[in-house]
Amino acid sequence: MTTTVPDVAVQEAARDHRRSSFVGLTLSRVFTQPFGLVMGTYLTLLVATRASSALAITFALTVHKYLSFLVFPIAGRLSDRTLAKLGRRVPYMVGGLVVAAVAMWAFTVVRGYWPLVFVIVLAREAAIVQRVARFAVTPDVFGRSRWIRAVLTMGVVTALPGAGILAVIRFTWKQDDPSTWGLTYRLAALGLLLGAIAIASLVREAPASALAAERAARASWRVELNRLLALPNAKPLVVAGVLLAAAGAATSRLFPVWAHEVLGAGAPQLVDISILTAVLGIIAGVPGVFLASRAHPRTLAVTAAIVGGVATFAHVFVTELWMFAALATVAIPLTVAAVVAGIPMGLRLIPPGESLGESIGMVAGPVGLVTSLAAYASAGLVDAFDDYRLIWVVAAACTLAAAFALARLEVPSGEERTDVRRLLRRLRGSGPRGGGLFGGTVETADVLAEGGVDSEGPDVRHR
């Protein structure tokens, strides 16, 4: 006697593209890593060749945020509600990558300050569109019960490829000859195009994402915002996140110029110091994981912010690269401990699957405006006193202010200490119903689930 599988189950299994999607998403992350590196430190160096003041440099690197305030939520809303043959996220990922590639290639072609500002804005806005869709696509492909596992696995696989572009910068850039920088930007643009091809060819969402798009279309902006703010610890974590992002923005835009003006470091030296600080960070992070299970999560968060703020202010007195590396490492153990202990609270902030893109956009848009204000405040101080060391003052103030927001965290009963091993098991999704990353069929309940990472949902079948 033979057992027949229902036609519906066969059809659903036949349309399960998780393996090919995993390959496509992984390849896209490999190919687009150079873009993320180039658009930070090394783009600042390019802008600095066409602008003489800190405010002009900051304007070129932050003016896109005034559009991002609208682009973030609109891109999220559209990607939540799109019903297309390729899925609701894939068209935005592909389109964003292609436009960003064209704009980045133009970095090496345009001349003058304002044309460069225009293509920077175009590249960043296109990157935002694809970034929102990329973040939200993973639950649509793997289901809410497994998307954290998928992200972590892809993160491990794509941890090293960024070293390639750093090697190009290290051995081809001549600090006093910007004509030698072009290869870096062209390689990054080529990577974006290859990423778009990988996504368009391989990434497909679960059939249930179509129902998610229909449900998202019936929800209003106000409903989504109220639902987001009602999540546990939403307000203190969002406020703290905004302040910490502002701290990063206060230094990141002008950091390469500070390194050049104060420390005498060019792009090759910045590559060396980034590798050194990464190695030191990994070493310093090990005791942080151990510390996460020994102290209250709120205590760790507040202490990490205070120590980080003090260490940031101490950068005002840095005169050598080794001093920067040492200070950059000081707060890492506490920061790692605070992040690990805060993961359970952070996971509760993940909104329902059908409106994930819009929820991201409603937070990321305002955050972009606040970070731009911090960047301008930092640049204003620099120009007023003609001293690039002052970029660390605003960053330190924002980091210390985050400590006050984190002091309002409400830690659920029973989570006063973090069980790191149990947390790792949750993130891996191990358990009697884990089913593996590619096992079973991702169905509607799993795509729309509002639970944590270890909740498989009642309708997920495992064979």
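Residues satisfying the criterion are absent from the stretch 171-178 (criterion: of a type in the set (Lys, Arg) and either under 17 Å from Met39 (Cβ atoms) or touching a His at 6+ places or on another chain (Cβ under 6 Å) (or both)).
A residue that is part of a helix (DSSP H, G or I) and over 22 Å from Thr138 (Cα atoms) can be found somewhere in the stretch 346-367. The combined condition, being touching a Phe, Trp or Tyr at 6+ places or on another chain (Cβ under 8 Å) and either open to solvent by 30 Å² or more (accessible area, probe 1.4 Å) or part of a helix (DSSP H, G or I) (or both), is not fulfilled by Pro232. Screening the candidates Tyr92, Tyr113 for the property of being open to solvent by 30 Å² or more (accessible area, probe 1.4 Å) and closer than 26 Å to Gly266 by Cβ yields one hit, Tyr113.
Looking at Arg144, is it surrounded by 16 or more Cβ atoms within 10 Å (Cβ to Cβ), among the basic types (Lys, Arg) and either in a helix (DSSP H, G or I) or free of Cβ contacts under 8 Å to residues at least 40 places away in the same chain (or both)? So Arg144 fails the test. State whether the residues of the stretch 389-412 include one that is open to solvent by 40 Å² or more (accessible area, probe 1.4 Å), at pLDDT below 90 and in contact with a Pro (Cβ under 8 Å, 6 or more places away or on another chain). Among the residues of the stretch 389-412, at least one is open to solvent by 40 Å² or more (accessible area, probe 1.4 Å), at pLDDT below 90 and in contact with a Pro (Cβ under 8 Å, 6 or more places away or on another chain), which makes the answer yes. Among the residues of the stretch 63-81, those that are closer than 17 Å to Val121 by Cβ and part of a helix (DSSP H, G or I) comprise Lys65, Tyr66, Leu67, Ser68, Phe69, Leu70, Val71, Phe72, Ile74, Ala75.
So, of the residues in the stretch 306-359 that are under 20 Å from the mean Cα position of the chain (by Cα) and among the hydroxyl-bearing types (Ser, Thr, Tyr), which turns out to be modelled with the highest pLDDT? Top of the filtered list is Thr335.
Of the residues making up the stretch 60-115, those that are charged (D, E, K, R) and over 20 Å from the mean Cα position of the chain (by Cα) are Arg81, Lys85, Arg88, Arg111. Only one of the numbered conditions (1) in contact with a helix residue (DSSP H, G or I) (Cβ under 6 Å, 6 or more places away or on another chain); (2) touching a residue at least 40 places away in the same chain (Cβ under 8 Å); (3) closer than 20 Å to Ala407 by Cα is violated by Val307, and that is (2). In the stretch 384-410, which residues are free of Cβ contacts under 8 Å to residues at least 40 places away in the same chain and at negative phi? Result: Ala384, Phe385, Asp387, Phe404.
Of all the residues in the stretch 172-207, those that are more than 22 Å from Leu270 (Cα to Cα), outside any helix (DSSP H, G or I) and open to solvent by 50 Å² or more (accessible area, probe 1.4 Å) number 1.
Restricting attention to the stretch 82-115, the residues that are farther than 18 Å from Thr138 by Cβ and not in a loop (DSSP other than H, G, I, E, B) add up to 13.
Residue check: is Ala136 out of contact with any strand residue (DSSP E or B) (no Cβ under 7 Å at 6 or more places or on another chain), closer than 18 Å to Val447 by Cβ and of a type outside the set (Val, Ile, Thr)? The answer is yes for Ala136.
The values are calculated or read from the model by the stated rules, or taken from the named source; none is laboratory data. Predicted model only: the values in this text are computed from it and were never measured. All Cβ positions, glycine included, derive from the backbone under ideal geometry; neighbour counts span all protein chains shown. Accessible surface is based on the protein model in full, side chains and every heavy atom, while ligands, DNA and RNA are left aside. Shrake-Rupley method; radii C 1.70, N 1.55, O 1.52, S 1.80 Å.
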